Amino acid sequence: MKILLSGFDPFGAEAINPAYEAIKALPDEIEGARLIKLRLPTAYRRSFDVLQAAIEAHRPDVVLSIGQAGGRLAITPEQVAINLAEARIPDNDGDQPIARPLQPGGETAYFSSLPVKAMAAAIKAEGLAAEVSYSAGTFVCNAIMYQALYLAATRYPEMKAGFIHVPFCLEQVAGRPETPAMLLEDITRGLAAAIRAIVRGDDSLEIVAGSLH
């Protein structure tokens, strides 16, 4: 099995992005699955171009993208991506779309094809905070999840895809003690646990999850 792992470069006022830093610290193989690591620009259009080229070059079985969700307490596998680009801040190319579809002919939304509940459970089994998220936002994280699932639906039917949001790492919140954060080593450990759940093909349908609001 080949798993294409992508993480973004820093954006906004941040000097680092824990998504890619955690990916870099992972081994090159987990339970027999080869990990291909990719750094994406935090930019709507360029991130899609870079990801699409990597998929074409490597033909992975799984695309798992990782992104930063500052303010979240937990590592959160995402359940759904929506066909909408709406940016509160410009991306790293200065693009700040309003109500723009990511793929004009694409579905309104795509569900992750990965076992998100089992991934969250595997992360929790490591003693780390984790939960399934039902909104990936409307910034570039949601965009790249949607685009990967769009490619799976339209060009690579055997490929599975999904997304995980991670909290700030501790280095990012120095001087901001009220801001949730996690050790970078723990983020990496959580991602490794999620990848093991993917490789094992863990079934997550019978695990209780959900959100009241």
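Numbers below:
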read-out	value
Other-chain or far-sequence residues with amide H under 5 Å of Ala161's (modelled H)	Val63, Ser113, Leu114
Rounded to whole Hz, the Karplus (6.51, -1.76, 1.60) HN-Hα couplings of segment 164-170, x for glycine and proline	10, 8, 10, x, 4, 8, 4
Most mobile listed residue (Asn83, Asn17, Asn92) in the chain, GNM with C-alpha springs under 10 Å	Asn92
DSSP-defined antiparallel bridges as percent of all bridges, segment 2-199, nearest 5	25 percent
Karplus 3J(HN,Hα) series, Hz, for segment 23-30 with 6.51 cos²θ - 1.76 cosθ + 1.60 (x for Gly, Pro)	4, 4, 7, 6, x, 7, 8, 10
Partner aspartates and glutamates for Lys124 [C-alpha distance under 12 Å; skip if fewer than 8 residues away on the same chain]	Asp186
Model label zone, Ile36; criterion: amide N under 13 Å from point 7 Å along Cα-to-beta-carbon; scope segment 143-187	159-160
Inter-label distance for Arg46 and Ala209, nm, one decimal - labels placed 7 Å from Cα along Cα-to-Cβ	3.2 nm
Inter-site label distance for Lys2 and Val199 at 7 Å from Cα along Cβ, in nm	1.7 nm
Mean residue ellipticity (222 nm) of the chain, computed from DSSP H runs ≥ 4 via -39,500 (n - 2.57), nearest 500	-9500 deg cm²/dmol
Reciprocal of mean inverse Cα separation for the chain (Kirkwood radius, Å)	17.0 Å
Relative contact order for segment 2-199, counting Cα pairs under 8 Å that sit 6 or more residues apart, in percent	30 percent
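Each value in this text was obtained by applying a stated rule to the coordinates, not by laboratory testing. All figures in this text were calculated on a predicted structure; none of them were measured in a lab. Note: ideal-geometry Cβ built from the backbone for every residue, glycine included; neighbour counts use all protein chains shown.
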